Amino acid sequence: LDDAEARVVVHHSPVPELALGSVPAATHVLVMTHDHAEDFAVCDAALRCGHLASIGLIGSTAKWTRFRSGLRVEGHDEEVVARIQCPVGDASLGD
């Protein structure tokens, strides 16, 4: 990312997962809402978008374990689910 240009855009929406369809190709998405159900819905929608560069999720290992299982139930195979990086950051710091 040495040559990356940070252009952070916050999207406020009553249905946040709908904003994913309008972000530019190769966008990096970081999911961090106030609600686990909403986080899950955004992750599900993000995995259905083929134009995203990366998907990160703020949360604990326990949260990610639940989400991984739920995303599989929603029909995403393990390779697709693995596109989401969670926890985000230095794994040595713990949850």
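The values are calculated or read from the model by the stated rules, or taken from the named source; none is laboratory data. Remember, predicted model here, so these are calculated numbers, not experimental data. When we count neighbours, we look across all protein chains shown, and the Cβ atoms used for this are built from the backbone with ideal geometry, even at glycine. When the accessible area is computed, the model is the full protein with side chains, heavy atoms only, and any ligands, DNA or RNA have been set aside. Shrake-Rupley method; radii C 1.70, N 1.55, O 1.52, S 1.80 Å.
Could you tell me what fraction of 2.2 N^0.38 Å the Cα radius of gyration of region 48-92 comes to, as a two-decimal ratio? Please list the in-between numbers first.
Working: Rg = 10.8 Å, N = 45, 2.2 N^0.38 = 9.3 Å.
Compactness ratio reported: 1.15.
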query: Dipole size in debye (nearest 20) for the chain around its Cα centre, Lys and Arg Cβ +1, Asp and Glu Cβ -1?
result: 180 debye
task: Along Cα→Cβ, 7 Å out, is where each label goes; now give me the distance between the ones at Val8 and Ile58 in nm to one decimal.
output: 0.9 nm
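When the dipole is taken about the Cα centre of region 4-49, and only Lys, Arg (+1) and Asp, Glu (-1) are charged at their Cβ, what size is it in debye, to the nearest 20? Intermediate values should be presented prior to the final figure.
Numbers: 2 positive and 6 negative charges, 39 e Å.
That gives region 4-49 a dipole magnitude of about 180 debye.
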task: Read through the labelled values [x] 67, 30, 12; [y] 44, 29, 17; [z] 32, 31, 27 and report the label of the one computed as Cα extents along the principal axes in Å from the structure.
output: [z]
query: Given a 1.4 Å probe, how much area per residue of the chain is accessible, in Å²?
result: 67 Å²
- request: Sum up the charges of everything whose Cβ sits under 13 Å from the Cβ of His36, counting Lys and Arg as +1 and Asp and Glu as -1, but leave His36 out.
  value: -2
